[in-house]
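In what follows, a structure is listed as structure tokens, so that the remarks can point back to it.
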Amino acid sequence: MLHIQENITSILQRIEKACIANNRDPKEVRLLLATKTVPASKIRLALATGQTLIAENKIQELKEKYHDLLDLKPTNHFIGHLQTNKIKDVLKYDISCIHSVDRLDLATKLHQRLTLENKTIDILIQINTSNEESKFGIAPDQAIELIQQVAQFPTLRIKGLMTIGLFSAEEDKIRPCFKLLKDIQQQVIQLNIPHVEMQELSMGMSGDLEIAIAEGATIVRVGTAIFGERLYPDSYYWNENK
Ligand SMILES: *Cc1c(COP(=O)(O)O)cnc(C)c1O
């Protein structure tokens, strides 16, 4: 039995501590439960503590768990790499925000499908701030151009940016990723692009949420520290070759 409830309490304490240390109101930072590989029964335990925001990386898992959790009325976000042939599927499951829009082709096809369904959706633009080839996300120097293009699509409501920090034990290698995301956010705000909001910074995970909060995160995405280690390596979720 994993101590999911206790783990959530301790994550909330970490969030609160990091906020206080950085003169931020803990209410400014939302906890998102990253539930990949976690069975619905365990997600239910987490939701029973009052948490409401969950996210999957793969459509298949979303499909498998969605109905089992429906009665608890969670808010569903999507944080995984989205292939254009899965767009129809992702829109079936009440996803209120896609964190991983990282290319024009994807945005174009999302817009086409949403138009057809007469729907809109919140999105974040995912940026590859660590410049690792294995990571998804638009290159930092192309992010603003992408945002300007995506802003043309009225079905996609841009709410901010998302990144995955460098995997490293060294804080001074992780922090620049989050600083860069914040910096791009500020540049976009300056440009005042119609229909573009920039209030959300989705960054920080189990190992680095304090650094992310110090740099301005508004959503931290936590899996391992709540649900325990996963069976599959994260490259399974993050590597384009899989
Ligand atoms: C799995 C995942 C997380 C959570 O990572 P942990 O290290 O398990 O907290 C956050 N963001 C994304 C995009 C993920 O795939």
Exercise for the section: Give me the lysines in straight-line cross-link reach of residue 17: C-alpha distance below 23 Å, same-chain residues under 8 apart excluded. Expected result: 27, 173, 179, 182
Handout entry: Beta bridges by DSSP in the chain, antiparallel share as percent, to the nearest 5
Key = 0 percent
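As a test of the formula, what do you get for the chain when each DSSP H run with n ≥ 4 contributes -39,500 (n - 2.57) and the sum is divided by the residue count, at 222 nm and rounded to the nearest 500 deg cm²/dmol?
Numbers: 10 runs with 99 residues, N = 242.
That comes out to -12000 deg cm²/dmol.
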Practice task
Return the long-range amide H neighbours of residue 53 (sequence gap of 5 or more, or a different chain), with a cut-off of under 5 Å between placed amide H atoms.
Solution key: 33, 75
Fill in the blank from the handout: Ordered by fewest other Cβ atoms within 10 Å, a rough proxy for footprinting exposure, 195, 81, 99 read 195, 81, 99
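Within the chain, which is the longest segment that contains none of the GluC sites (Glu not before Pro) sitting in a DSSP loop with at most 10 other Cβ atoms within 10 Å? Please list the in-between numbers first.
Working: sites that count: 133, 170, 229, 240.
Free of exposed loop sites, the longest segment is 1-132.
Of all the Cα-Cα pairs you can form in the chain, what percent are over 21 Å apart?
On the way: 16225 of 29161 pairs.
In whole percent, the long-distance tail amounts to 56.
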Problem - Eligible aspartates and glutamates near residue 88 by straight Cα distance, threshold 20 Å, same-chain separation 8 or greater - result: 56, 61, 64, 102, 105, 117, 122
Practice task
Straight distance only, please: which lysines reach the Cα of residue 92 with their own Cα at less than 29 Å, same-chain residues fewer than 8 apart left out?
Solution key: 36, 42, 58, 63, 65, 73, 109, 119, 135, 159, 242
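Read-outs throughout are calculated quantities, based only on the coordinates presented, and are distinct from any laboratory measurement. Note that this is a predicted model, so its numbers are computed, not measured. Ideal geometry is used to build each Cβ from the backbone, glycine not excepted, and the neighbour counts take in all protein chains shown.
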